[in-house]
Amino acid sequence: MRETIYQLFEQSTHLSVSEIMINFLVATVLALAIYISYWYTHVGTAYSRKFNVSLITLTVLTATVMTVIGNNIALSLGMVGALSIVRFRTAIKDSRDTTYIFWAIIVGIGCGSGDYLVAAIGSIVVFVILLFLGRVTNNQRLLLIIKARRSAEMDIEATVFKRFDKQAFLRVKNTTNESIEWIYELSRNGYEKAEKKQNSIIDLLYQSDGVDYVNVVTQSDEISG
């Protein structure tokens, strides 16, 4: 019994140079597929070229670790203990980035262990899913922020009500003895539709006396660190 356990912990696979190169080659090819998928599906400020390049290196590094470990249980336990020391503090700005991190790690594990077919088929399925659904974006809202003297209160509210046809939702109304501030929530479609008219809402608001400033701010549900 003792000898069986000892042999189990000492079990190791010695790969040839060609087998190791194949592991890295397949991992690199599939990592490029991950790179293309991330580049195509992430648009706007969400795209990070550095993060995308890191996905390729993460895939190859994971394949390297799996090639070193092989089926050596003792070495795998030691590697888990060593890697558990590392603490990552980088904030994930887009929830989809987590998917790509796990995708890169899983592909690296598959290639490092020699399961190329599983890694390739899984990558194809994920690639197709992200190809059709990856460009889904949040329905971003706009905040219309206005500050003016209290004497212009009626004119400001009438202008906003008339321009957006009851589709501007008042979220905040701050007042002092001399000034008043409104924060309206608008849908992007409603704002763009209203802006197609002759005068923009900003021009109309500044025509009222006593307006200090008018700001239009994009509000997104994404959480960034």
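The values are calculated or read from the model by the stated rules, or taken from the named source; none is laboratory data. Keep in mind that what you see is a predicted model, and the values were worked out from it rather than measured. When we count neighbours, we look across all protein chains shown, and the Cβ atoms used for this are built from the backbone with ideal geometry, even at glycine.
So is Arg163 within 21 Å of Asp209 (Cα to Cα) and modelled with pLDDT under 85 or not? Break it down stepwise before answering.
Numbers: within 21 Å of Asp209 (Cα to Cα): yes; modelled with pLDDT under 85: yes.
Yes.
Select the helices (runs of 4 or more DSSP H) contained entirely in the stretch 15-118, then report the ones holding at least 3 residues which are modelled with pLDDT of 80 or more and more than 14 Å from the chain's Cα centre (by Cα). Step through it out loud before you land on a result.
Working: elements: 17-41, 49-69, 73-83, 95-112.
Here the list reads 17-41, 49-69, 95-112.
So, of the residues in the stretch 148-174 that are part of a helix (DSSP H, G or I) and under 39 Å from the mean Cα position of the chain (by Cα), which turns out to be nearest to Leu204 (Cα to Cα)?
In the first step, residues of the stretch 148-174 are kept if they are part of a helix (DSSP H, G or I); the result is 150-164.
The next check asks that each one be under 39 Å from the mean Cα position of the chain (by Cα); those that pass are 156-157, 159-164.
Working: Ile156: 9, Glu157: 12, Thr159: 7, Val160: 9, Phe161: 12, Lys162: 11, Arg163: 9, Phe164: 12 Å.
For the stretch 148-174, the residue satisfying everything is Thr159.
Report yes if Arg171 is of a type in the set (D, E, K, R) and in contact with a helix residue (DSSP H, G or I) (Cβ under 6 Å, 6 or more places away or on another chain), otherwise no. I'd like the intermediate steps shown before the answer.
Details: of a type in the set (D, E, K, R): yes; in contact with a helix residue (DSSP H, G or I) (Cβ under 6 Å, 6 or more places away or on another chain): no.
Answer is no for this residue.
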